[in-house]
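One structure is given here, and the rest of the page talks about it.
The values are calculated or read from the model by the stated rules, or taken from the named source; none is laboratory data. Predicted model, so just to flag it, every value in this text is computed and none were measured. Methodologically, a virtual Cβ is constructed for each residue, glycine included, from the backbone with ideal geometry; neighbour enumeration extends over all protein chains shown.
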Number of protein chains: 2
Amino acid sequence: MSEGLTYAGAGVDLEAARTAKSRIAELVEGTRTEAVVSAFGSFGGRFLATPGRELVASADGVGTKLKIAFLSDRHDTVGADLVNHCVNDILAEGGKPLIFMDYIACGVLEPDTVAAVVRGLSRACRTNRCALLGGETSEMPDFYAAGEYDLAGFIVGEVAFPALTRHELESGDRLIGLASNGLHTNGYSFVRKLVFDRMGLSVDDPFPGSDASVADILLRTHRSYLPALQPGLEAGRVRALAHITGGGIPGNLSRVLGTDFDAVVRSGAWKRPHEFAVIAEVSGASEEELFRTFNMGVGMMAITREKDVETTLDEIRGSGCEAVLCGEIVRGAGKVRLESA
Amino acid sequence: MSEGLTYAGAGVDLEAARTAKSRIAELVEGTRTEAVVSAFGSFGGRFLATPGRELVASADGVGTKLKIAFLSDRHDTVGADLVNHCVNDILAEGGKPLIFMDYIACGVLEPDTVAAVVRGLSRACRTNRCALLGGETSEMPDFYAAGEYDLAGFIVGEVAFPALTRHELESGDRLIGLASNGLHTNGYSFVRKLVFDRMGLSVDDPFPGSDASVADILLRTHRSYLPALQPGLEAGRVRALAHITGGGIPGNLSRVLGTDFDAVVRSGAWKRPHEFAVIAEVSGASEEELFRTFNMGVGMMAITREKDVETTLDEIRGSGCEAVLCGEIVRGAGKVRLESA
């Protein structure tokens, strides 16, 4: 019936959905772990938790970093950003990943783009030994601009390091800053305004003072701190963790202090990465604003006893992640005190 | 520094975010169950699984039904749509809800809107005895139009009815159709085109042949089938479930048939709800297209042994949900055969 309204006429392409689904199935299969019980395509993914253990879950999005992926037509890294972000969040609660699920929403489903996104997800899931258990790919005409999409993720882990979150800090405990890999997934509304509007750059231009392009710098992948921190967590040397995301060091480190301690952070203890120096100089933003918006070079903050700090630093560095002693815990009222000296 | 670029200048309102957060905290607290271990505001939500039990997880979005919420400025029902959709998905895998997490993404965070969305989530979580463990509210300038947002959710349950999913069907097993409450969350791209573009209606106009408005009809909440089906599942009378979402009865019932059986569905066994009759008449779409796009009045299909069908029908009806015997399982090859006679 030629005048019949069809789903294709309403802007939803079921054939493209089928193509994308079969490619996703393959990528998902590559992340299967012994915890997974169900087959791909079930109504829900079944998995085993370690009996008697607590679980921990977290939800997150990639945020406006996605705009950099759209502008540069590179879609195979944002999935890893999301998985690693989620892994770090549950790590800060003592969790080791079990399963991950994604939500991809787009205006028009482009199988190549969706497959690239899922490639990034599955790569990071394999690295973190986490099963990509399932997800939802949603075609929503009139919601997203052509070529654009949103991406969110959900993770469940087992609480493998329960001692971590007891918040039993002591005066004199040490702060270790673990190096970030660029901006991770925070501050992108700010940096897009700065780089594209104020500086007039495009994603293919060289980033100021660098051989790398703007896209190269701004798409660097949010790092997973699981491999760097696992030994220290298993040995009980790492007492608390703060994942440095929105709100920066002050906004996140304060979440683990409780009400009786302050954290003194010496921001001069680490070399400010080039991209943050450029952002600081061109924006004219205050140090306070910068540290609340960006990770400023530290993507995770670990707290150890004074006696354990050297061993922990060695372990983290041995895993290939730069780390620096950058402050300590003192009596106080739950505040983070940034000292530039 | 007046020329300093600030986050507020980049379109992100941290004060609005704080307001929304405190209101969300209150709503979340109301959904707390004995499974929840962590406090609001942790990096990840900790919860207990029943020891030794399998878990089941699912991710979903509301889809373009959200556009109806935007047009009518009613935001307190779509959260319940999402939770109930997720509850039904894991129910079809034998799961009882433990925890739910949400992802809300918007261009500009409007605390009233976000609070209304979370009100819908928390209401449905309480009804389904599921903890709203946490979530992510993401402000993404340049992504979403003013007043618009996307909403996705993630559920984890324990597999409480493991016998359900063994797919041990027999020739002569009966199909029970459980009544939907309107369109649930599928077919909205189609119906928006039909109602707004072709019929020229607005959300406040009366739906044709009805006293209710277009918004009233199109925002009716996706129903949770947990209360209706729990007795039959606990007694082992319900053998398999198909949640009727995207793909309709043919696309979803086929998922539980395996390779040796067909399902014969008599679509004349139930009275087609008024809204679907209007959609059929005005669109001129074929029956096949209609049944692949909409639930057509059946939101969940349950399979029982012949001897259990009357008891199961009575139980479902006793819970307040209409249900009808509408077909049977026969030898075949995994196909759904719709018969209109």
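Check off (1) assigned to a helix (DSSP H, G or I); (2) within 15 Å of the chain's Cα centre (by Cα) for B:Ala116 and give me the number that stays unchecked.
(2)
Going residue by residue through region A:270-279, is there one that turns out to be free of Cβ contacts under 8 Å to residues at least 60 places away in the same chain, part of a loop (DSSP other than H, G, I, E, B) and in contact with a Gly (Cβ under 8 Å, 6 or more places away or on another chain)?
yes
Hey, does region A:254-265 have a residue that's crowded, with 18+ Cβ neighbours inside 10 Å and touching a Cys at 6+ places or on another chain (Cβ under 7 Å)?
yes
When region A:151-174 is examined, which residues are found to be of a type in the set (D, E, K, R) and either part of a helix (DSSP H, G or I) or more than 10 Å from chain B (Cβ to nearest Cβ) (or both)? Before you say what the answer is, go through the steps one by one.
Keep residues of region A:151-174 that are of a type in the set (D, E, K, R), which gives A:158, A:166, A:168, A:170, A:173-174.
Matches in region A:151-174: A:Arg166, A:Glu168, A:Glu170, A:Asp173, A:Arg174.
Return yes when A:Val282 is within 10 Å of another protein chain (Cβ to nearest Cβ) and assigned to a helix (DSSP H, G or I) and no when it is not. Outline the logic, then answer.
Working: within 10 Å of another protein chain (Cβ to nearest Cβ): yes; assigned to a helix (DSSP H, G or I): yes.
When the stated conditions are applied, A:Val282 passes them.
Which of the residues spanning region B:147-185 are among the acidic types (Asp, Glu) and over 19 Å from the mean Cα position of the chain (by Cα)? Lay out the reasoning, then the answer.
Taking region B:147-185 and keeping what is among the acidic types (Asp, Glu), we get B:148, B:150, B:158, B:168, B:170, B:173.
Across region B:147-185, the qualifying residues are B:Glu148, B:Glu168, B:Glu170, B:Asp173.
Please work out if A:Gly177 is closer than 29 Å to A:Gly318 by Cβ, small (Gly, Ala, Ser), assigned to a strand (DSSP E or B) and out of contact with any helix residue (DSSP H, G or I) (no Cβ under 6 Å at 6 or more places or on another chain). Outline the logic, then answer.
Details: closer than 29 Å to A:Gly318 by Cβ: yes; small (Gly, Ala, Ser): yes; assigned to a strand (DSSP E or B): yes; out of contact with any helix residue (DSSP H, G or I) (no Cβ under 6 Å at 6 or more places or on another chain): yes.
Judged against the criteria, A:Gly177 is a match.
Only one residue in B:Leu132, B:Leu121, B:Leu109 is assigned to a strand (DSSP E or B) and either of a type in the set (Ser, Thr, Tyr) or not assigned by TED's automatic domain parsing to the domain that holds B:Leu226 (or both), so which one is that? Talk me through it step by step, then tell me what you get.
On the way: B:Leu121 fails: assigned to a strand (DSSP E or B); B:Leu109 fails: assigned to a strand (DSSP E or B).
Testing whether each residue is assigned to a strand (DSSP E or B) and either of a type in the set (Ser, Thr, Tyr) or not assigned by TED's automatic domain parsing to the domain that holds B:Leu226 (or both) leaves just B:Leu132.
Could you tell me which numbered condition B:Arg74 fails, if it satisfies all but one of (1) at pLDDT below 70; (2) surrounded by fewer than 23 Cβ atoms within 10 Å (Cβ to Cβ); (3) more than 9 Å from every other protein chain (Cβ to nearest Cβ)?
(1)
Just to be sure I understand, how many residues within region B:140-176 are out of contact with any Cys (no Cβ under 6 Å at 6 or more places or on another chain) and closer than 16 Å to B:Ile104 by Cα?
First, pick out the residues of region B:140-176 that are out of contact with any Cys (no Cβ under 6 Å at 6 or more places or on another chain): B:140-143, B:145-148, B:150-152, B:154, B:156-174, B:176.
Then keep just the ones that are closer than 16 Å to B:Ile104 by Cα; that gives B:140-143, B:145-148, B:150-152, B:154.
Selection size over region B:140-176: 12.
Check whether at least one residue in region A:289-304 is under 20 Å from A:Ala228 (Cβ atoms), within 14 Å of another protein chain (Cβ to nearest Cβ) and of a type in the set (Gly, Ala, Ser), and report yes or no.
Looking through region A:289-304, at least one residue is under 20 Å from A:Ala228 (Cβ atoms), within 14 Å of another protein chain (Cβ to nearest Cβ) and of a type in the set (Gly, Ala, Ser).
Among all residue pairs at least 6 apart or on different chains, which show Cβ distances below 7 Å where the first residue, located in region B:54-66, is more than 7 Å from every other protein chain (Cβ to nearest Cβ) and the second is buried (at least 24 other Cβ atoms within 10 Å of the Cβ) and of a type in the set (A, V, I, L, M)?
B:Val62/B:Val78; B:Val62/B:Leu82; B:Val62/B:Leu151; B:Lys65/B:Val78; B:Leu66/B:Val78; B:Leu66/B:Leu151
Got a number for residues in region A:297-341 being assigned to a loop (DSSP other than H, G, I, E, B), more than 12 Å from A:Ala179 (Cα to Cα) and among the charged types (D, E, K, R)?
The qualifying residues number 2.
Residues checked against (1) in a loop (DSSP other than H, G, I, E, B); (2) outside the structural domain of A:Val264 (by TED's automatic domain parsing); (3) modelled with pLDDT of 95 or more; (4) under 13 Å from A:Pro273 (Cβ atoms):
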site	(1), (2), (3), (4)
A:Ser189	no, no, no, no
A:Phe196	no, no, yes, no
A:Arg220	yes, no, yes, yes
A:Arg223	yes, no, yes, yes
A:Gln230	no, no, yes, no
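Within region B:162-179, take every residue that is closer than 20 Å to B:Ile90 by Cβ and surrounded by fewer than 21 Cβ atoms within 10 Å (Cβ to Cβ) and give me the one that is modelled with the lowest pLDDT.
The initial filter retains those residues of region B:162-179 that are closer than 20 Å to B:Ile90 by Cβ, namely B:162-167, B:176, B:178.
Those left that are additionally surrounded by fewer than 21 Cβ atoms within 10 Å (Cβ to Cβ): B:162-163, B:166-167.
Details: B:Pro162: 74, B:Ala163: 74, B:Arg166: 61, B:His167: 66.
The residue in question is B:Arg166.
So which residues in region B:185-204 are among the acidic types (Asp, Glu) and more than 12 Å from B:Leu218 (Cα to Cα), if there are any at all? Steps first, please.
Going residue by residue through region B:185-204, those that are among the acidic types (Asp, Glu) are B:197, B:204.
Passing the criteria: only B:Asp197.
Give the residues of region A:205-218 that are over 13 Å from A:Ile68 (Cα atoms), in contact with an Asp or Glu (Cβ under 8 Å, 6 or more places away or on another chain) and not in a loop (DSSP other than H, G, I, E, B), sorted by residue number.
Matches in region A:205-218: none.
Can you find a residue that is crowded, with 20+ Cβ neighbours inside 10 Å, of a type in the set (Gly, Ala, Ser), at pLDDT below 70 and assigned by TED's automatic domain parsing to the domain that holds A:Ala146 anywhere in region A:59-69? Give the steps one after another, and end with the answer.
Taking region A:59-69 first, the residues crowded, with 20+ Cβ neighbours inside 10 Å are A:59-69.
Cutting the leftovers down to of a type in the set (Gly, Ala, Ser) gives us A:59, A:61, A:63, A:69.
From what is left, the residues that are at pLDDT below 70 are none.
Scanning region A:59-69, I find no residue that is crowded, with 20+ Cβ neighbours inside 10 Å, of a type in the set (Gly, Ala, Ser), at pLDDT below 70 and assigned by TED's automatic domain parsing to the domain that holds A:Ala146, so the answer is no.
Is it the case that some residue within region B:272-295 is at pLDDT 95 or above, closer than 30 Å to B:Pro162 by Cβ and crowded, with 16+ Cβ neighbours inside 10 Å?
So far as region B:272-295 goes, yes, one or more of its residues are at pLDDT 95 or above, closer than 30 Å to B:Pro162 by Cβ and crowded, with 16+ Cβ neighbours inside 10 Å.
Any idea how many residues of region B:82-99 are touching a Phe, Trp or Tyr at 6+ places or on another chain (Cβ under 9 Å), in a strand (DSSP E or B) and more than 8 Å from chain A (Cβ to nearest Cβ)?
Step one: list which residues in region B:82-99 are touching a Phe, Trp or Tyr at 6+ places or on another chain (Cβ under 9 Å), which gives B:82-84, B:86-96, B:98-99.
Filter again for in a strand (DSSP E or B), leaving B:95-96, B:98-99.
From what's left, more than 8 Å from chain A (Cβ to nearest Cβ): B:96, B:98.
So the count comes out to 2.
Looking at A:Phe40 and the list (1) more than 7 Å from chain B (Cβ to nearest Cβ); (2) at pLDDT below 75; (3) within 25 Å of the chain's Cα centre (by Cα), which single condition is not satisfied?
For A:Phe40, the failing item is (3).
Tell me the residue from B:Val324, B:Val298, B:Val336 that is surrounded by 19 or more Cβ atoms within 10 Å (Cβ to Cβ) and over 17 Å from B:Asn252 (Cα atoms), please.
Numbers: B:Val298 fails: over 17 Å from B:Asn252 (Cα atoms); B:Val336 fails: over 17 Å from B:Asn252 (Cα atoms).
Going through B:Val324, B:Val298, B:Val336 in turn, just one is surrounded by 19 or more Cβ atoms within 10 Å (Cβ to Cβ) and over 17 Å from B:Asn252 (Cα atoms): B:Val324.
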